[in-house]
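The values are calculated or read from the model by the stated rules, or taken from the named source; none is laboratory data. Note that this is a predicted model, so its numbers are computed, not measured. Using ideal geometry, Cβ is built from the backbone for each residue, glycine included, and neighbour counts are taken over all protein chains shown. Heavy atoms of the whole protein, side chains included, go into the accessibility calculation; ligands, DNA and RNA do not. Shrake-Rupley method; radii C 1.70, N 1.55, O 1.52, S 1.80 Å.
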Amino acid sequence: MLSLQHISKYYQVGGNKNFVINDISLDIDEGEFISIMGPSGSGKSTLLNIIGMLDEPTDGFHYFVDQPVHQLKEKQRAALYKQYIGFVFQAYHLIDELTVYENIETPLIYQDVKGSERKAMVADMLDRFQIVGKKDLFPAQLSGGQQQLVGIARALIAKPKLLLADEPTGNLNSKQGEEIMELFRKLNKEDGVTIIQVTHSEKNAEYGTRIINLLDGRVESSRKL
Amino acid sequence: MIKNYFKIGWRNMMKNKFFSFINIFGLSVGLACCMLIALYLNYETSFDSQHKNAPNVYQVITAFVQNGSKRMKMPNTPAPMAGALKQEYPEVVETARLLKLFIDDKTIIQYNPANGERKSLLEQNGFLADQSFFKIFTYNFTEGNVANALTNPRTIVVSKKLAEKLFGNQPALSKVIHVNSNTNGEQDYTITGVFDDGKVPSHISANFFLSVAGGSMEGFIKRQGNDYASNNMFYTYLLLKPGTSPATLQAKLPTFIDKYAGKDLKNMGFQKEQSLLALRDIHLSSEVESNVTAPASKTYLYVLFSIAAFTLIIACINFMNLSTARSSKRSSEVGVRKVLGAEKSTLIRQFLGESVLMTLIAFVFAIVITLILLPLFNQLADKNITLSADKDTVLFFEFLLMALITGVLAGSYPAFYLSSFNPVKVLKGKLTNSLAVVAVRKGLVVFQFIISVVLIVASVVIARQMNFMRTADLGFAKDQQIVLPLRTANAKAAYAAMKADLQQNSQVASIGASAYYPGVFNPSDNLLYREGQTTAEGRRTRLNYVDNNFLQTLDIKPVAGRLFSPAFGADTNVNIIINEKAAKEYGFGSAQNAINKKIQNNYQGNTTAYTIVGVVKDFHYEDLHLPVTPYGFLLNTGGYNYMVIHAKQGNMASMLKTIEASWKKYDPNDPFDYTFMDDDFQKNYQADTRLAGIVSYFTVVAILISCLGLFGLAAFSAEQRTKEIGVRKVLGASVKTIVSLLSVDFLKLIIASVIIASPIAWWLMNKWLQAFAYRKDIDWTIFAYTATIAIFIGLITIGSQALKAALANPVKSLRSE
């Protein structure tokens, strides 16, 4: 599905290069569920952002569904990204001024999906996550677990092939976290969504099919479960 | 998508009521200012658009040239000019002369019905017009026939308003009224037409038109004969054949003048240059002196327009500054939206949608404000401007367009700024306002305050000049002077008896009479020169015809020789009293040197000589816009236009009662009417007073909006620095140091504004002051005042927020982080 070859990201500080990602090469197949682990500052989030095309590497080659991302123009990259990738954040990042319904609907608006179609898709999603009753509430009126559920629903609404999650359970208690992880596993198994998550929790990492450990911007170990 | 933008815009607005209020309030007021001024400009540029022939109608303008130097342009020509132009040039289809009843301050119009009480009215804006006048100009007649309205001698066309005053609902046509004019004599006139002057203003704001034939002016015109040089007093209008180029015709006029007026002009010692002024341009041509009605100054229109535009810009700046200052609050939304697939252009559209929504709300308020303030504005500007939904639909759409453009302008900078956020950075919460944005924000605040400071300086300078003009020593006693116009032959005849009667009264200091008095138009003038010189060296000298108590009554002081007085009973009209300026201009060296010398005038080949018996101190017979020029008093034995009574301090009401009783006794048929000389003099400053009023109101509005913006920024800055303030307080900072910490940045900006604005304001206002021959010059104290005012206002605005932040409990503010 995607392939990173000799990817580096560094900042020039004085005469020194300050590496965040140091020559990482990585292949990920469709249907994998990958957990990226590592201490703070090891480059987990940056790696995830590069995979998600939110951030650009300084060096290296990045292929996504056989397309050379490092050569694509902004517009093409955006189109690719919109079609294939969904994002889930630790801090949920729901838009405070929008209701649950509207939050979930937003990606579809940016993909120019027609109004009637949007309605059906959002209704479907609300149903699937059993949050129909909460559709008119604003994020501030929801618990953290519920907010993350909305965040995931929003990430999935456009039927992405790849779901990227940056510590999705970091702000949740263990029970809520478990529910989210169960949901991820189900998505991966039943819907075939490729998932890459960054996590600190060994337990949550175990839900995945492969665990990659980063240290100082390099892949320290990679093991399949 | 648009719906979505408006929805989120609305929710954001409701969430931040304080910022929304500042923005909407500022934009509403700014838009309302622009709307009012747009209405005003619309009105001022609509003059004379009702005339169907307007594109082909021109007024003949005369520039007088003497010794190579040009005097002001005037719209006046001698009587035979119109006829000759029509005869000479086939492209001139029609000509018409118009003469204002220029000596009448008011004209007495009387109606004596067979059965009923006599009606006596004092009316202004009377004219003499040729019968061709209505062929050139479009007037909507409600009674009578336009084609032959002024054909017969002693016929009159009146406005609907005047007809209603005279006859109520009765028809006015064919009724005979008595018109008593100082300019045109006293006759009966038959009404041959009534016109409705409608809503569109005209530079000829006429109340009635008299036929030329039948009045005393007819004889005057006949005596003028073929003199094309002197008595330039008629307004001449030409209707040109469609397609005629006025420039081509104008190029032929020097030949015309040479042919018809060449010899006479040579005798009189000056030259004339004729030009053509298009009808629609007349109202906006303030370079032409003494036109039918006072023109609108283009400069004033530009000034008003700039002030309104600046007010709106200040409001836009508030929007920009508050939006970018609060950007950290929107940054995560931008980040999320970008992650969800929004492109930059989509986000720009979203933010523009929000600013447009805000201006649309402001637009609604602005319309309401405009409708509410229009009557007040009319009062301030002395206009009658209306705004109604059915009549001014186009205007409403123009206003709407203006609001939309404002929304886009105000929203564009924040939209580009906000939409450019990098999602990775903002979602990590690492957003700090970049130095560039902070610099732009500071720049914009400085710009706002520059405008405010310039406006403050302008208000102060204008107010000082107005005060100076009100209180300046005019060189004569202007207070306690009661002026009684002597409009009829009866009144003129009764003057001597009234004078004798009133002089018995102990409250009367002195009584005099004259043709004109300081502050009113002084149309009589002559080219006078020292004996031994020629007409070419003549100086235009205004002349006034007075009795032998007038100079004493006005307390005009002699510097050499003597005044006219009853003690010198042998004075005749060959003796003249001139002002110091005249003595100097004629070349007498000193006032004393002029005494008993002769000055001369040459008219149509005849020389008249006057002996100077006195020189008086210069006094202002015109308002302080104009310099004092040569002036002479001649003694007349009768036929005065005004009686002036100088009253001593005391009960004015009883004084006026006594005067009225005397008037009723000696001239029972004419209405009693009076004015105060100081009021009449002040009337010359109406345009300045209006400007002063408008500028000061707009200044207050501009400062208010600027301060609201500053208030918003200060509030935001205090909020942002809550934690810093908390830490500082815990470390032992006093309230005072924190207030100054928060205030000093903003104060620096205000001081910078004052420094930048001062030279700009000085330059602008100095230019404005040049229009006054006598002025109170700008000095450093004005800038000291202004700086103090600006800093004081700024301190209050910022200080309240700073104090609030400084007084907050640090435990609370630190916990909240």
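Quick rundown of the values:
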read-out	value
Looking only at region A:97-132, and only at residues there that are part of a helix (DSSP H, G or I), open to solvent by 30 Å² or more (accessible area, probe 1.4 Å) and within 27 Å of residue B:13 (Cα to Cα), the one that is farthest from the other protein chains (Cβ to nearest Cβ)	A:119
Close pairs (6 angstrom Cβ cut-off, 6 or more residues apart or separate chains): within 17 Å of residue A:163 (Cα to Cα) in region A:54-82, of a type in the set (Gly, Ala, Ser) and modelled with pLDDT of 90 or more anywhere	A:63/A:3
Unmet requirement for residue A:68, which otherwise passes all of (1) more than 14 Å from chain B (Cβ to nearest Cβ); (2) touching a Gly at 6+ places or on another chain (Cβ under 9 Å)	(2)
Any hit, region A:18-26, residues being within 25 Å of residue A:191 (Cβ to Cβ), surrounded by fewer than 16 Cβ atoms within 10 Å (Cβ to Cβ) and of a type in the set (Asp, Glu)	no
Residue satisfying condition, being within 29 Å of residue B:159 (Cα to Cα), in contact (Cβ under 8 Å) with a residue 40 or more places away in the chain and open to solvent by less than 30 Å² (accessible area, probe 1.4 Å), within set B:77, B:45, B:62	B:77
All positions within region B:175-204 that are loosely packed, with under 15 Cβ neighbours inside 10 Å and within 27 Å of residue B:221 (Cβ to Cβ)	B:176, B:188
Test result for residue B:611, free of Cβ contacts under 8 Å to residues at least 12 places away in the same chain and either open to solvent by less than 20 Å² (accessible area, probe 1.4 Å) or not in a loop (DSSP other than H, G, I, E, B) (or both)	no
Selected residue (only one of B:452, B:412, B:419 is touching a helix residue (DSSP H, G or I) at 6+ places or on another chain (Cβ under 9 Å), of a type in the set (S, T, N, Q), crowded, with 20+ Cβ neighbours inside 10 Å and more than 30 Å from residue B:758 (Cα to Cα))	B:419
Yes/no for residue B:342 being in a loop (DSSP other than H, G, I, E, B) and within 14 Å of another protein chain (Cβ to nearest Cβ)	yes
Selection from region B:751-796 of residues that are part of a loop (DSSP other than H, G, I, E, B) and either in contact with a Ser or Thr (Cβ under 6 Å, 6 or more places away or on another chain) or open to solvent by 40 Å² or more (accessible area, probe 1.4 Å) (or both)	B:770, B:771, B:773, B:774, B:775, B:776, B:777, B:779
Cβ pairs under 7 Å, 6+ apart, first in region B:178-193 and assigned to a strand (DSSP E or B), second open to solvent by 20 Å² or more (accessible area, probe 1.4 Å) and among the aromatic types (Phe, Trp, Tyr)	B:193/B:141
Residue within region A:16-27 that is in a strand (DSSP E or B) and within 16 Å of the chain's Cα centre (by Cα) present	no
Matching option when the condition is modelled with pLDDT under 90 and open to solvent by less than 20 Å² (accessible area, probe 1.4 Å), among A:145, A:208	A:145
Counted residues, region B:108-164 - those being surrounded by fewer than 16 Cβ atoms within 10 Å (Cβ to Cβ) and either of a type in the set (Phe, Trp, Tyr) or part of a helix (DSSP H, G or I) (or both)	4
Only listed residue being at pLDDT 90 or above, within 9 Å of chain B (Cβ to nearest Cβ) and under 30 Å from residue A:170 (Cα atoms), chosen from A:33, A:87	A:87
Identity of the residue in region B:1-40, open to solvent by 40 Å² or more (accessible area, probe 1.4 Å) and within 39 Å of the chain's Cα centre (by Cα), that ends up farthest from the other protein chains (Cβ to nearest Cβ)	B:25
